[in-house]
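Colleague: Below: one structure in structure tokens.
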Amino acid sequence: MRNGVYAANVTPFRDDADYTLDVDAYRRHVAWLAEHGVVGVAAFGTNGEGPSVTVEEKVTVLEALVKDDPGIDLVPVLTEGNLPDTLRLLRRVNDLPVGGVLVLPPYYFEPVAAEGLRAFFERVLEVARHPVLVYHIPRYSVPVPADLVASLPVWGAKNSADDPQWSATVRAAGKHVMVGTETDLARDLPGGYGTISALANIVPRQMVEIQRRVTGGPTDDVSPLSTHLAAVSRLTKEHDSPGILKVLAQARSGIPMGSVRPPLLPPPASYDVQAALARLEATASHFRV
């Protein structure tokens, strides 16, 4: 794992009857992200619609990216919903040159005892040949207690809980934390390792710059850039986030990003992309990258 900004990159699906995965568009988008300064991509996470993508589709994309060798880290996100499929995908990526694996615990059953989560992650750690990151995103999944992460022999975690104290507990145990909420960077990133960002799909240079400013020392003023990124974040939440991210990523990069897979929905036909881009640019007027 590298210190810096990883894009929680979206997954392009064609707008056909089966919403087939567009591998070529995926590869082109990753290349565009690499050109714009990210150090890696976290493939098939929340905004990558990971639970909507099959194991075979994920392996096909990852093998294509390895062949492309875009010069950045590949971090598969395992969101399989059960232990057997998690291990099946893990074994498939064990032989690929990835930077690590970000693992979501099965998310259907709640509440889950900490010892059940421990049993899950201990089995993952037995099989994994790459650094393991725990995916803590309680808004959508089972929360993973910080003291449990601290006690496991994992590389670290992605914290998408907007909770710096959770991160502090994990870091105190000598683990790394990748911050997963862009609005929390100024509080949680100083002294940390990096971020895994959905906004990097559309404003990668701004994400790289705020990471530089936050980790560069107290002399760097991050307030204007933080305000801008908060506005961008709000913009992506006006409809289903992956759909908005794809529309805006396509407008920024020129790469056709297609649709989302049901049950998610794309933005409505009335969605004004140019107006959204104008709002994005307007909030960026107080800083330079």
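The values are calculated or read from the model by the stated rules, or taken from the named source; none is laboratory data. These numbers come from a predicted model, not from an experiment. Backbone-built Cβ (ideal geometry, glycine too); neighbour counts: all protein chains shown. Areas reflect the complete protein model, heavy atoms only, side chains present, ligands, DNA and RNA absent. Shrake-Rupley method; radii C 1.70, N 1.55, O 1.52, S 1.80 Å.
Colleague: Please report the relative contact order for the chain, taking Cα pairs under 8 Å with a sequence separation of at least 6, and give it as a percent rounded to a whole number. Before the final figure, lay out the partial values.
Modeller: Numbers: 538 pairs, mean separation 57.6, N = 289.
The value is 20 percent.
Colleague: Using a 10 angstrom cutoff on alpha carbons, build the Gaussian network for the chain and name the most mobile of Val273, Val93, Val53.
Modeller: It is Val273.
Colleague: For the chain, report the accessible area per residue in Å² (1.4 Å probe, heavy atoms, rounded to an integer). Spell out each step's value before the answer.
Modeller: On the way: 12220 Å² over 289 residues.
Dividing the accessible area of the chain by its residue count gives 42 Å².
Colleague: Sticking with this one: Taking H as built 1.01 Å from N, whose amide H comes closer than 5 Å to the amide H of Asp73, not counting residues under 5 places away?
Modeller: Those qualifying (amide H under 5 Å, at least 5 residues apart or on another chain) are Gly40, Val41.
Colleague: Find how many whole Å separate the alpha carbon centroid of the stretch 110-189 from the alpha carbon centroid of the stretch 30-82.
Modeller: 20 Å
Colleague: OK, next. Taking 2.2 N^0.38 Å as the expected size of a compact globular protein, what ratio does the Cα radius of gyration of the chain give against it, to two decimals? The partial results should precede the final answer.
Modeller: On the way: Rg = 18.0 Å, N = 289, 2.2 N^0.38 = 18.9 Å.
Taking the Cα Rg and dividing by 2.2 N^0.38 Å, one obtains 0.95.
Colleague: Then there is this: One-quarter of the Cα convex hull surface for the stretch 27-117, in nm²? Could the numbers behind the result be given before it?
Modeller: Working: hull surface 25.4 nm².
Its average projected convex-hull area is 6.4 nm².
Colleague: Mind giving me the nanometre distance, one decimal, between the label points for Ala113 and Ala173, set 7 Å out from Cα along Cα→Cβ?
Modeller: Those two pseudo-labels are separated by 1.9 nm.
Colleague: Could you please tell me the mean projected area of the C-alpha convex hull for the stretch 48-188, averaged over all directions and given in square nanometres to one decimal? Provide the component values of the computation, followed by the final result.
Modeller: On the way: hull surface 33.8 nm².
In nm², the orientation-averaged hull projection of the stretch 48-188 is 8.5.
Colleague: Out of all DSSP beta bridges with both ends in the chain, state the antiparallel percent to the nearest 5. Could you put the intermediate results ahead of the total?
Modeller: Details: 2 of 27 bridges.
Percent antiparallel among DSSP bridges in the chain is about 5.
Colleague: Note down the net charge around Ile72, summing +1 for each Lys or Arg and -1 for each Asp or Glu among other residues with Cβ under 11 Å from its Cβ. Each step should come with its number before you reach the end.
Modeller: On the way: positive: Arg2; negative: Glu35, Asp68, Asp69, Asp73.
Surrounding charge for Ile72 is -3.
Colleague: Now, a different point. Which net charge results when you count Lys and Arg as +1 and Asp and Glu as -1 among the other residues whose beta-carbon is under 12 Å from that of Pro242? Before the final figure, lay out each step's value.
Modeller: Details: positive: Lys237, Lys246, Arg261; negative: Glu49, Asp240.
For residues surrounding Pro242, the net value is +1.
Colleague: Scan the chain and report its longest stretch carrying no trypsin sites (Lys or Arg not before Pro) that are both in a DSSP loop and have at most 13 other Cβ atoms within 10 Å.
Modeller: Details: sites that count: Arg129, Arg139, Lys237, Arg288.
The answer is 1-128.
Colleague: So for the pair Gln165, Asp147, with labels modelled 7 Å out along Cα→Cβ, what separation do we get in nm?
Modeller: With each label placed 7 Å out from Cα toward Cβ, I get 1.3 nm.
Colleague: If you don't mind, another one. If you take the alpha carbon radius of gyration of the stretch 106-249 and divide it by 2.2 N^0.38 Å, what ratio comes out, to two decimals? Don't skip to the answer; put the middle values down first.
Modeller: Values: Rg = 16.2 Å, N = 144, 2.2 N^0.38 = 14.5 Å.
The stretch 106-249 yields a ratio of 1.11.
Colleague: Shifting gears a bit: Just tell me which lysines come within less than 25 Å, Cα to Cα, of Lys237; anything on the same chain fewer than 8 places away is out.
Modeller: By straight Cα distance, Lys237 reaches Lys158, Lys246.
Colleague: Mind grabbing the accessible area of Asp162 for me, 1.4 Å probe, Å², rounded to tens?
Modeller: 80 Å²
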